[in-house]
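> One structure coming up, written as structure tokens, with questions to follow.
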Amino acid sequence: VVIANQAHLFIERRRRGLKTSNNQVYHSIFTGNPGTGKTTVARQLGKIYHALGLLSKGEVIAVDRTK
């Protein structure tokens, strides 16, 4: 909810021509054991960010420690 509210505020300020910080970052790191749903949650978060207008596509880049 907090991220959604911040995103709405950022988008609305930009729409109205008000000063906004250009360094809004919405990176996330999901850690845990295999099979606990990290990738599923990340994909859902990508869809939410897309619906909020933060992403042009709902794509998520999944990487592991080697990347």
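> Using per-residue counts of other Cβ atoms within 10 Å, averaged over each peptide, order 5-11, 30-36, 44-50 from highest down.
Packing proxy ranking, top to bottom: 44-50, 5-11, 30-36.
> To make sure I understand the rule: partners must be aspartates and glutamates, Cα under 16 Å from the Cα of residue 47, and not fewer than 8 residues away in the same chain. Which ones qualify?
By straight Cα distance, residue 47 reaches 59.
> Computed from these coordinates, which is mean projected area of the Cα convex hull in nm²: (i) 5.5; (ii) 4.8; (iii) 4.5?
(i)
> Pairs of alpha-carbon atoms within less than 8 angstrom and 6+ residues apart define the contacts here; what relative contact order does the chain have, in percent?
Once divided by the residue count of the chain, the mean separation gives 25 percent.
> With a 1.4 Å probe and every protein chain left in place, work out the accessible area per residue of the chain in Å², rounded to a whole number.
Roughly 89 Å² per residue, with all protein chains present.
> Calculate, in nm to one decimal, what residue 2 and residue 48 gain on full extension: separation in residues at 0.36 nm each, minus their alpha carbon distance. It would help to have the intermediate numbers written out before the result.
Details: separation 46, 0.36 × 46 = 16.56 nm, distance 1.29 nm.
Stretched fully, the residue 2-residue 48 segment lengthens by 15.3 nm.
> Ignoring any ligand, DNA or RNA, what whole percent of the accessible area of segment 19-65 comes from carbon and sulfur when the probe is 1.4 angstrom?
Roughly 52 percent of what the probe reaches on segment 19-65 is carbon or sulfur.
> For residue 13 paired with residue 33, estimate the spin-label separation in nm (one decimal), with each label point 7 Å from Cα along the Cα-to-Cβ line.
4.2
The values are calculated or read from the model by the stated rules, or taken from the named source; none is laboratory data. What you see is a predicted model; the values in this text were computed from it and never measured. Backbone-built Cβ (ideal geometry, glycine too); neighbour counts: all protein chains shown. Surface areas here come from the heavy atoms of the whole protein model, side chains and all, with no ligands, DNA or RNA. Shrake-Rupley method; radii C 1.70, N 1.55, O 1.52, S 1.80 Å.
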